[in-house]
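Encoded as C-alpha cells, the structure appears first; notes follow it.
Quick note: the coordinates plus some simple rules give every number you see, no bench work behind them. In this text the structure is predicted, and so the values were computed from the model without any measurement. For neighbour counting, all protein chains shown are included, and Cβ atoms are generated from backbone atoms with ideal geometry for every residue, glycine included.
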Amino acid sequence: MFKFGFEKVSMKKIGFIFSIVLLLTFQLNAQTAESQLQLFIDDGVALMNQRSYAKANEKFQVVINQLKPLPSRIAFYFGKNSYFLGEYKQSINWLSKYIQLKGTSAPFYDEAKQYLSLSEKSYLEQNKSELSEIEEDLNSDFECYSQDKMVCPACKGTGVLITKGVLQNRYETCPFSGGDGYLSCTEYNLFLKGKLKPADEIE
C-alpha cells in the first residue's frame, strides 16, 4: 500500500514537472518566433533604405500577417515603404494609423507627417489622371466601321418611344431617329455624348 502511494505521488510530480517543461518550451518558442519577426522588421528597414522596396514589402507583410499585437513602428515603416511602391492609399492608411497611435511625441512623427503629405498629394494626382483618362474615353468617338447607320439607342430601332401610363401606354415618334429607328454614325456618337438634340428642339 505504501509503495503504491509513493508511486502515485511520484506520478503526480512527474506530470507537474512535465507540464512546467511544456509551458516553458511553449513560451520559449513564442519568444523565439517573436524575435525572428522583429528581425524581419529590421531586415525590411535595411532593404527599404537600399531602395529594394518590393523585397522590403515582403518582409513587412510577413510581420503584419504573423505578429500580434503589431508594434507601432511597423505601421510607420510599412506606410513609408508603400509610398515608394506607389501604393498611396495604403500609405495614407498606415501612416495615419501610426500618428493616431503614437501622437506628436512619436519617434518618427515628423517623417510620418512628411510622407503622409506626399502620399496624399500623389493620391490626388493619381485620381485626377484616372478621371482624365475616363473623360477622354467618354469623349472619344465610337467606331462605326463600315456601317452607315446605327440602331437608335432611344427607341432601339423601332422608331417609336413608348411611355407607360396607368390606363394605357403613350406612343410617339422617336424625336432622335425621326421614326426611322436609325442614326448616322455622327448622330450616334452625339447621342452617346448627350449632345444630340431631339428633332423638335432643332430650329
Q) Tell me, L190, L37, L85 in order of fewest to most beta-carbon neighbours within 10 Å? A) L85, L190, L37
Q.
List the residues, sorted by chain then number, that are 5 or more residues from V160 or on another chain and whose placed amide H is less than 5 Å from its amide H.
A. C174
Q. Using θ = phi - 60° and the Karplus form 6.51 cos²θ - 1.76 cosθ + 1.60, what ³J(HN,Hα) does each residue of the stretch 90-97 get, whole Hz, x for Gly and Pro?
A. 4, 4, 4, 4, 6, 5, 5, 4
Q: Eight or more residues apart or on different chains, and alpha-carbon atoms under 20 Å: count the Lys pairs in the stretch 149-201 matching that.
A: 7
Q) Could you put T186, T104, T173 in order, starting from the residue whose Cβ has the fewest other Cβ atoms within 10 Å? A) T104, T186, T173
(Q) Could you list C185, C174 so that the one with the fewest beta carbons within 10 Å of its beta carbon is first and the one with the most is last? (A) C185, C174
Q. Once phi is turned into θ = phi - 60°, what whole-Hz ³J(HN,Hα) does the Karplus curve with 6.51, -1.76 and 1.60 give for every residue of the stretch 179-192, x standing for Gly and Pro?
A. x, 7, x, 10, 10, 6, 4, 5, 5, 4, 5, 5, 5, 4
